[in-house]
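Scroll down for the structure; my scribbles are underneath it.
The values are calculated or read from the model by the stated rules, or taken from the named source; none is laboratory data. What you are looking at is a predicted structure, and each value in this text was computed from that prediction instead of being measured. All Cβ positions, glycine included, derive from the backbone under ideal geometry; neighbour counts span all protein chains shown.
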Amino acid sequence: MSGDVVVAPATARGLAALAVVRLSGDGVVDVVARVARPRVASAPAFGRQVRVDFFDELGVFDDGTCVLGRAPRTFTGEDTAELTCHGAPLVVDRLVAALVRAGARLAEPGAFTRRAMASGKVDLVAAEGVLALGAARSRRGLSVTRSAIDGR
């Protein structure tokens, strides 16, 4: 595991009601705290969804939710965060940019799966199944990739 915090949109780009931005690595909580302000008195806690306002140097630009995952019980084996915001590409881009300025770096394709492999959460067959899942074009294709992800 590299230890740095990576960030990437987890949902397809385009107009949508909602989008998910995912982070993983040591320091996730600190990075998220620089960009997400709880709408209630309590700060985000591991395993609990919290409503937040997203802000940057210009102020609040959206609201959404934050769920923190504690290592090692996450897909990557690291501390993680999943931020749900409104799905307009401008909102997603601004959120990702704010997170980068707060200390994260943009994830390269496959970064989350590589981290899961490095932490022993998935093996090569499962990692290839994750990759193939996105390309599946039939029910049979989905079934085969799901079997690979499950280690069968």
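Annotations for the structure displayed:
- Some residue of the range 123-144 being outside any helix (DSSP H, G or I), under 27 Å from Val7 (Cβ atoms) and in contact (Cβ under 8 Å) with a residue 60 or more places away in the chain: no
- Sub-7 Å Cβ pairs linking a first residue in the range 11-34 that is farther than 16 Å from Thr76 by Cα and in the same structural domain as Thr84 (by TED's automatic domain parsing) to a second residue that is assigned to a loop (DSSP other than H, G, I, E, B) and of a type in the set (S, T, N, Q), at least 6 apart or interchain, are Ala19/Thr11; Val20/Thr11, ordered by first then second residue.
- Strands (runs of 3 or more DSSP E) enclosed by the range 5-56 - at least 2 residues per element that are on the phi < 0 side of the Ramachandran plot and polar (S, T, N, Q): none
- Meets criteria (in a strand (DSSP E or B) and in contact (Cβ under 8 Å) with a residue 60 or more places away in the chain) for Thr65: no
- Residue tally, condition part of a helix (DSSP H, G or I) and basic (Lys, Arg), over the range 78-122: 4
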